[in-house]
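First the structure, in the form of structure tokens, and then the observations on it.
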Amino acid sequence: MRDKPLIAIGLLVLIVVAAVAFMAGRKAANTPPPVTATAATSANLPSPGAKPAAEEAPQGNQIDAMRRGIPVNQEGAVPSLAHVENADIKRNRAYPMQPPTIPHSIDNYQVDKNSNRCLLCHARANADKFQAPPVSVTHYMDRDDQFLATISPRRYFCNQCHVVQTDAKPLVANNFKDIDTILSEQPEHKAN
Ligand code: HEC
Ligand code: HEC
């Protein structure tokens, strides 16, 4: 039997592989299930009479826009549609070059190749009639900072930069501070 040592080695390899696989299987079985699922189910379950979970900003980093943390075998309360803010009150800008948010609703305002509803009120020539703020001079500048007679093509599609706001609750917490807040937090420095 010339093959005897070969068979022995083969058997040995087989046993080692089986042992390793067995240990790996045990380890996998012992690891706890992902925490997110359990945390989401217990924290965000709407209790009867309480406001639906979707109304509150979720804890931590969890963004579950589809099921809002509600288990798959339960039906969640339908959150109400968000309303576009239409108060005509200009909002503060978070930094000087921020495109201001739109303080009015823009339902059915057509902006395409043939017509631009926004410019009906916001073009320099019409702004006084509608008491709308005219678009600033940057909207007439091309990329070489040359002033054009009409709105610059790169500023034509207003909603690329300007957006309406809704009363929807934020999906994630936001701790943005504007520059004035940061400056006021700095210790006092003597000017030169
Ligand atoms: C019927 C006229 C009219 C139309 C059309 C219109 N707006 Fe306005 N817009 C105004 C007026 C008036 C204001 C000033 C605030 C107010 O009264 O709502 C304003 C304010 C704004 C502001 C705020 C400016 C600031 O300094 O805070 C932005 C941005 C804006 N509009 C963008 C748009 C965009 C984008 C469109 C097209 C989707 C549009 N507007 C269509 C009349 C109009
Ligand atoms: C590429 C981004 C961009 C596009 C596209 C754009 N804007 Fe603006 N808009 C800005 C920025 C940034 C500001 C604030 C700084 C400035 O005035 O340039 C602004 C400012 C404004 C203001 C306030 C002006 C003022 O003096 O307070 C109005 C009104 C406005 N935009 C309307 C429009 C309208 C209407 C359109 C479409 C025809 C449009 N914007 C397209 C970026 C954009």
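A few notes on this one:
- For the range 97-111, backbone phi angles converted through the Karplus equation (6.51, -1.76, 1.60; θ = phi - 60°) give residue-by-residue couplings of 9, 6, x, x, 6, 7, x, 9, 6, 10, 4, 6, 7, 7, 10 Hz, Gly and Pro being listed as x.
- Simple spin-label estimate for Phe130 and Tyr109 in nanometres, 7 Å along Cα-Cβ: 0.7 nm
- For the range 108-162, radius of gyration divided by Kirkwood radius, i.e. Rg to Rh on alpha-carbons: 0.95
- For the range 62-192, convex hull of alpha carbons as volume per residue, Å³: 226 Å³
Read-outs throughout are calculated quantities, based only on the coordinates presented, and are distinct from any laboratory measurement. All figures in this text were calculated on a predicted structure; none of them were measured in a lab. Every residue, glycine among them, receives a Cβ derived from its backbone with ideal geometry; neighbour counts consider all protein chains shown.
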